[in-house]
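First the structure, in the form of structure tokens, and then the observations on it.
The values are calculated or read from the model by the stated rules, or taken from the named source; none is laboratory data. Keep in mind it's a predicted model, so treat the numbers as computed, not measured. Ideal geometry is used to build each Cβ from the backbone, glycine not excepted, and the neighbour counts take in all protein chains shown. For the accessible areas, the whole protein counts, side chains as well, though only heavy atoms, and no ligand, DNA or RNA atoms are used. Shrake-Rupley method; radii C 1.70, N 1.55, O 1.52, S 1.80 Å.
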Amino acid sequence: MRTEELILYREFEEGDLLTDMVSLMEQFRRTGEADEGMRALLYRCIHRLLEMAGRFGFYGNLWHCYLTDLLVNNENSYSHACEMRGEVEGTVNRAVLHDIAVFRELYDYDFGPLGRAADNSALDLVLAYEGNAQESRVYNRRIRDRICTLAQKFSETHTPEEMKSTLTGFYREYGVGRFGLHKAFRIVRGPEGVCVDPILNIAHVRLSDLVGYELQKRKLLDNTEAFVSGRKANNCLLFGDAGTGKSSCIKAIANEFYDRGLRIIEVYKHQFQDLNDVIAQIKNRNYKFILYMDDLSFEEFEIEYKYLKAVIEGGLEKKPDNILIYATSNRRHLIRESFRDKQERDEELHTNDTVQEKLSLVSRFGVTIYFGSPDQGQFRRIVKALADRAGLEMEEEELFLQANRWELSHGGLSGRTAQQFIDYLLGKQGEGE
């Protein structure tokens with residue numbers, strides 16, 4: 001095996017398994033026999049492949065799935081250039097073809113003689129593995145199936161040129177690495193610095209799931225459409241009453257535009273000082289990123305908003321065109337104001353400057369969208385729509401009567417209260433069965 005000759009596709013997160021498997025192949029090629037050490041290593045490799053099937057949800061030929069996962073996750077100059085764009089020109093294509101030829105040999109390797117020499121029938125488990133629906137904690141089902149299908153195509157492809165064309169098509173459709181295969185991320189600070197890690201389970205909510213608020217949804221949709229289409233777009237602030245669907249709208253946007261290269265990164269207040277490091281990691285990628293700040297507000301003594309102001313606008317470095325900031329808040333002006341800011345002029349000579357500094361943050365959001373609590377009629381329409389969607393069979397008058405009783409003791413009129421009420425009724429259906 002010629003893995004030491006790889007040029008672009010060299011550094012892999014799960015590369016130690018590849019090293020062990022290639023070592024087995026090389027030892028067996030030289031000796032034609034399998035000693036105790038080789039047998040033990042083979043069982044460890046089989047264990048690793050089965051564990052990977054459990055984590056990633058792979059099925060079929062697990063060796064081929066593993067190799068395919070290495071290819072679709074490897075971030076190099078070629079895969080970055082191809083993500084969301086497709087084929088590129090230049091000498092780099094010759095280097096890629098060279099590496100694909102090496103992987104072609106790995107796909108074509110016949111494990112039959114090695115398995116017989118090692119008296120190892122367990123190899124059959126990883127060469128024709130039947131998965132189950134519960135075995136997918138890293139990828140969503142759509143991506144998992146796409147990787148397994150790609151592995152099957154690679155096993156049937158007979159030339160490096162055909163294999164390269166298929167891989168490039170995957171990069172164009174899905175992207176590469178964690179940003180290509182996941183839609184939502186969080187910021188994690190570890191020993192190696194600031195990392196952007198995937199969120200493995202994100203709610204599959206759509207804008208159509210949110211009843212009402214059509215003007216608000218349209219305004220958010222239009223701004224995001226302009227952003228992913230490469231046109232000018234604004235940072236967005238969604239503000240208003242609690243439980244009105246502000247956060248759900250942002251999650252829905254991530255789902256609606258994922259296949260067009262939109263990714264969302266969740267940011268908390270204490271992480272604002274890490275924003276420059278995050279932006280440095282994503283500014284040159286071929287995706288569009290939304291930095292998402294949920295329930296954003298600041299008390300008088302908190303100064304994190306100064307970091308945010310500098311990132312949005314005001315620093316020497318221009319904010320990259322592939323990054324926007326979307327935030328939700330119950331406060332229109334984000335930073336708590338008090339009468340002291342306006343009245344106690346003896347504490348500071350330029351009181352107006354202090355007030356303007358606090359108000360200037362919200363002015364950095366070019367689009368502000370208000371979400372107000374529904375009135376009684378709107379609340380009933382939301383309840384009725386959610387009940388119909390859930391398949392609840394109840395007289396409309398009784399449904400509304402119970403909904404009114406519920407909201408009086410559970411937070412008042414809001415979409416969240418309506419959903420909680422429907423969940424309550426669905427839970428009651430199972431009693432006594």
For semi-axes √(5λ) of the Cα gyration tensor in Å, the choices are (1) 35, 26, 24; (2) 50, 30, 19; (3) 33, 29, 26; which was calculated from the structure? (2)
Helix 415-429 against the longest principal axis of the chain: what's the angle in degrees, Cα atoms only, rounded to the nearest 10? 60 degrees
Under a 1.4 Å probe, what is the accessible area of the chain per residue, stated in Å²? 51 Å²
Most fluctuating residue of 411, 190, 57 in a GNM of the chain with Cα springs under 10 Å: which is it? 190
With runs of 4+ DSSP H residues as the only contributors, calculate the mean residue ellipticity of the chain at 222 nm using -39,500 (n - 2.57) per run, divided by the residue total and rounded to the nearest 500. -15500 deg cm²/dmol
When only DSSP loop residues count, what GluC sites (Glu not before Pro) in the stretch 11-72 have their Cβ near at most 13 other Cβ atoms within 10 Å? 11, 13, 14, 33
Search the structure for amide H atoms under 5 Å from the amide H of residue 240, placed 1.01 Å from N in the peptide plane, and list their residues when 5 or more places away or on another chain. 329, 330, 331, 371
Going through 384/428; 164/232; 246/428; 164/283 one by one, the pairs whose alpha carbons sit over 25 Å apart turn out to be 164/232; 246/428; 164/283
Residue-by-residue Karplus 3J(HN,Hα) for the stretch 16-22, coefficients 6.51, -1.76, 1.60, Hz, glycine and proline x: 5, 5, 4, 4, 5, 5, 5
What percentage of the solvent-accessible surface of the stretch 102-240, computed with a 1.4 Å probe over protein heavy atoms, is contributed by carbon and sulfur atoms? 48 percent
Using the Karplus curve 6.51 cos²θ - 1.76 cosθ + 1.60 with θ = phi - 60°, work out ³J(HN,Hα) for each residue of the stretch 157-172 in order, rounded to whole Hz, and write x for Gly and Pro. 6, 10, 10, x, 4, 5, 5, 5, 4, 5, 5, 4, x, 5, 4, 5
Read phi for every residue in the stretch 89-99 and hand back ³J(HN,Hα) as whole Hz from Karplus 6.51 cos²θ - 1.76 cosθ + 1.60, θ = phi - 60°, with x for Gly and Pro. 9, x, 5, 4, 5, 5, 5, 5, 4, 4, 5
Tensor-based shape of the stretch 1-153 (alpha-carbon gyration tensor, a/c under 1.5 rounded, otherwise prolate or oblate): oblate
